[in-house]
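Asks: My structure is below; once you've seen it, I'll send some questions.
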Amino acid sequence: MSQDNEHPSSPSSRVVDRKKPKIFYGWYIVLAAAAINVYGAGVWFYGFPIFYKVLIDEFGWARATGALVVSLSRVEGGLEAPIVGWFVDKFGPRAMAVIGAIIFGIGYLLMSLVSDFSVGPIQISALVVFILLYAGIMSIGYNTGFSHASMAAVNGWFIKKRSRAFAIFSLGAGASGITVFVLGLAMQNFGWRSAAIMAGIGIFIFVVPMSLLLRHKPEEYGYLPDGEDPNRVVDSNDIQLEDVNNANSISTDTPNYDYSVKEALATYAFWMLLLGSAARSLTMTSVVVHEVAYLTDIGIPISQASAALGGMVFASLIGRFGFGILGDYIDKRYLLIATYMLQAVGIFVLDSVQNMNQVWTFVVIYGIAYGGAIPLYFAIVGDYFGRTNYATIRGFQQFFTIPAVVFGPIYAGLVFDVSGDYSFAFMSFIGTLIVGMVFVFLARNPLSKQANI
């Protein structure tokens, strides 16, 4: 396969000449994106609660203040999402993945220097420095290189097998429990500053090279989505070259049409998916951020609390793979609703835990459920709106969910600061998930223009 350019100038001239490979290159892209997720999700989303607990203890920040940092990073990610998504769709995921990884790595190296300092008469607190780094530089790098780029690459290479491709891709974030565990050990043995340096170096050693394997769409290299044989497709269906270059000319169970951003925003399904996703994101972000702090508050040692967080991520592997595979055969809306119901049950268990046996019950139920929702949501957006503007459309969805991801962690922190526990917040999250089920149910696949031709 030619790898000289991410966007060859005339892909159509090579489509029917390319022999079908034994292993479709799209699966290499899925594995590379998953490997990037193993590291990135571990040192960013799932690893932050470990830093969070240590930082609020060292600097004396309130719980709500510490959660504010996470919320601000989500604000930044949401604000940049449509722009970064456009860059990914325009210039391809490989370049943006490398750029994002470099920025993220630099941010982690700088995070090891967080402290109070002064510039002349101006005093700058450690909190301000940390916000600028975590919610600024690091958030830009992660959202650019790890999130939008990887998902756009996976979505671009699959249609009929999209859900199972996203299932394998999302296994990377589930396996990031390994990274969380190693990060926790590094922090325990060397301190959080040294752990931050190690995390930053690892990005340059591991993530940047893996990012070079990403590609945008198979047609640009003479292939078709899902590993379809170009010669067979052209010979049997007499499809013109122009149609072959449009991946949605391949037969699938549901009509495929590449929506423009404007068309996607005009659909009812976009907004129902958005509201359903906001309900899940509000709950999930809050639980992940506060889980370790909550468990240590009720007497669970921090080593066991960190193990529970890592165990929850590992348990999500079952949900990511199982629900992801099912998504190619069963209506993804119904599967998403099932994951929401299980998440609500898991939070109910969490609110009443008193020992590690009960903690592990929560870990299994909630981990499987929240993990299962991830590939389903990634895939359903591709099913509904196509491939050409996938990253941009996902970017706008992320932009519009800013209020939810900002509100959740801060709200949970405020509930704790006022009442001394998280119980009321947990009950609120159960109600939020129930409302989210309704929105997901209403998010029916919009009729495509191609279906009416």
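The values are calculated or read from the model by the stated rules, or taken from the named source; none is laboratory data. Owing to the predicted nature of the structure, the values given are computational and were not obtained by experimental measurement. Positions of Cβ are backbone-derived with ideal geometry, glycine not excepted, and every protein chain shown enters the neighbour counts. The area values use the complete protein model at the heavy-atom level, side chains included, leaving out ligands, DNA and RNA. Shrake-Rupley method; radii C 1.70, N 1.55, O 1.52, S 1.80 Å.
Asks: Report whether or not Pro121 is open to solvent by 80 Å² or more (accessible area, probe 1.4 Å) and either more than 21 Å from the chain's Cα centre (by Cα) or touching a residue at least 12 places away in the same chain (Cβ under 8 Å) (or both). I'd like the intermediate steps shown before the answer.
Replies: Numbers: open to solvent by 80 Å² or more (accessible area, probe 1.4 Å): yes; either more than 21 Å from the chain's Cα centre (by Cα) or touching a residue at least 12 places away in the same chain (Cβ under 8 Å) (or both): yes.
The answer is yes for Pro121.
Asks: Out of Ser277, Ser303, I need the residue that is buried (at least 24 other Cβ atoms within 10 Å of the Cβ), over 18 Å from Tyr422 (Cβ atoms) and of a type in the set (S, T, N, Q). Which one? It would help to see each step written out before you state the result.
Replies: Values: Ser303 fails: buried (at least 24 other Cβ atoms within 10 Å of the Cβ).
Exactly one residue qualifies, and that residue is Ser277.
Asks: Can I ask one more? From Phe59, Phe51, which residue is within 20 Å of Phe130 (Cβ to Cβ), hydrophobic (A, V, I, L, M, F, W, C), modelled with pLDDT of 75 or more and open to solvent by less than 10 Å² (accessible area, probe 1.4 Å)? Reasoning before the result, please.
Replies: Details: Phe59 fails: open to solvent by less than 10 Å² (accessible area, probe 1.4 Å).
One residue alone meets the criteria, Phe51.
Asks: Let me ask you something else. Can you spot a residue in the stretch 153-166 that is without any contact (Cβ under 8 Å) to a residue 12 or more places away in the chain and β-branched (Val, Ile, Thr)? Lay out the reasoning, then the answer.
Replies: Step one: of the stretch 153-166, the residues without any contact (Cβ under 8 Å) to a residue 12 or more places away in the chain are none.
No, that holds for no residue.
Asks: Still on this structure, please answer the following. Out of the stretch 342-382, which residues are modelled with pLDDT under 90, among the hydroxyl-bearing types (Ser, Thr, Tyr) and in a helix (DSSP H, G or I)?
Replies: Passing the criteria: Tyr370, Tyr377.
Asks: Among (1) open to solvent by 20 Å² or more (accessible area, probe 1.4 Å); (2) closer than 26 Å to Phe91 by Cα; (3) β-branched (Val, Ile, Thr), there is one condition Ile365 misses while meeting the rest; what is its number?
Replies: The one condition Ile365 does not meet is (2).
Asks: Taking the residues in the stretch 167-208 that are in contact (Cβ under 8 Å) with a residue 12 or more places away in the chain and of a type in the set (Phe, Trp, Tyr) as candidates, determine which candidate is surrounded by the most Cβ atoms within 10 Å (Cβ to Cβ).
Replies: Filtering the stretch 167-208 for residues that are in contact (Cβ under 8 Å) with a residue 12 or more places away in the chain and of a type in the set (Phe, Trp, Tyr), the one surrounded by the most Cβ atoms within 10 Å (Cβ to Cβ) comes out as Phe169.
Asks: Among the listed residues Ile137, Ile168, Ile159, Ile178, which satisfies the condition of being under 19 Å from Pro209 (Cβ atoms) and not small (Gly, Ala, Ser)? Explain how you work it out, then say what you get.
Replies: Working: Ile137 fails: under 19 Å from Pro209 (Cβ atoms); Ile168 fails: under 19 Å from Pro209 (Cβ atoms); Ile159 fails: under 19 Å from Pro209 (Cβ atoms).
Only one candidate qualifies: Ile178.
Asks: Okay, moving on. Looking only at the stretch 266-282, count how many residues are closer than 14 Å to Gly431 by Cα and not hydrophobic (A, V, I, L, M, F, W, C).
Replies: Number satisfying all stated conditions: 3.
Asks: Mind telling me which of the residues Val30, Val38 ends up being modelled with pLDDT of 85 or more, in contact with a helix residue (DSSP H, G or I) (Cβ under 7 Å, 6 or more places away or on another chain) and open to solvent by 10 Å² or more (accessible area, probe 1.4 Å)?
Replies: Details: Val30 fails: open to solvent by 10 Å² or more (accessible area, probe 1.4 Å).
Of Val30, Val38, the one residue that is modelled with pLDDT of 85 or more, in contact with a helix residue (DSSP H, G or I) (Cβ under 7 Å, 6 or more places away or on another chain) and open to solvent by 10 Å² or more (accessible area, probe 1.4 Å) is Val38.
Asks: Here is a further query. Exactly one of these conditions fails for Thr388: (1) of a type in the set (Val, Ile, Thr); (2) surrounded by fewer than 24 Cβ atoms within 10 Å (Cβ to Cβ); (3) modelled with pLDDT under 90; (4) in a helix (DSSP H, G or I). Give me its number.
Replies: (4)
Asks: What pairs come out if I take residues in the stretch 318-332 that are farther than 20 Å from Phe441 by Cα and pair them with residues that are surrounded by fewer than 16 Cβ atoms within 10 Å (Cβ to Cβ) and aliphatic (A, V, I, L, M) whose C-beta lies under 7 Å away, six or more apart or interchain?
Replies: none
Asks: May I pose another question? Of all helices (runs of 4 or more DSSP H) completely enclosed by the stretch 116-168, which ones contain at least 2 residues that are in contact with a Pro (Cβ under 8 Å, 6 or more places away or on another chain)?
Replies: Numbers: elements: 126-132, 139-142, 149-156.
Hits in the stretch 116-168: 149-156.
Asks: Moving on to the next point. Of the residues that make up the stretch 100-112, is at least one part of a loop (DSSP other than H, G, I, E, B) and touching a residue at least 24 places away in the same chain (Cβ under 8 Å)?
Replies: Step one: filter the stretch 100-112 for residues part of a loop (DSSP other than H, G, I, E, B), giving 112.
Checking the rest, the ones that are also touching a residue at least 24 places away in the same chain (Cβ under 8 Å) come to 112.
Yes.
Asks: Can you pull out the residues in the stretch 408-438 that are aromatic (Phe, Trp, Tyr) and surrounded by fewer than 20 Cβ atoms within 10 Å (Cβ to Cβ)?
Replies: Step one: filter the stretch 408-438 for residues aromatic (Phe, Trp, Tyr), giving 411, 416, 422, 424, 426, 429.
Passing the criteria: Tyr411, Phe424.
Asks: Now for a separate question. Restricted to the stretch 80-118, and to residues that are of a type outside the set (A, V, I, L, M, F, W, C) and open to solvent by 50 Å² or more (accessible area, probe 1.4 Å), which residue is farthest from Arg193 (Cα to Cα)? Can you show your working first?
Replies: Filtering the stretch 80-118 for residues of a type outside the set (A, V, I, L, M, F, W, C) gives 80, 82, 85, 89-90, 92-94, 100, 105, 107-108, 112, 115-116, 118.
If we keep only those that are open to solvent by 50 Å² or more (accessible area, probe 1.4 Å) too, we end up with 90, 116, 118.
Working: Lys90: 37, Asp116: 14, Ser118: 20 Å.
The selected residue is Lys90.
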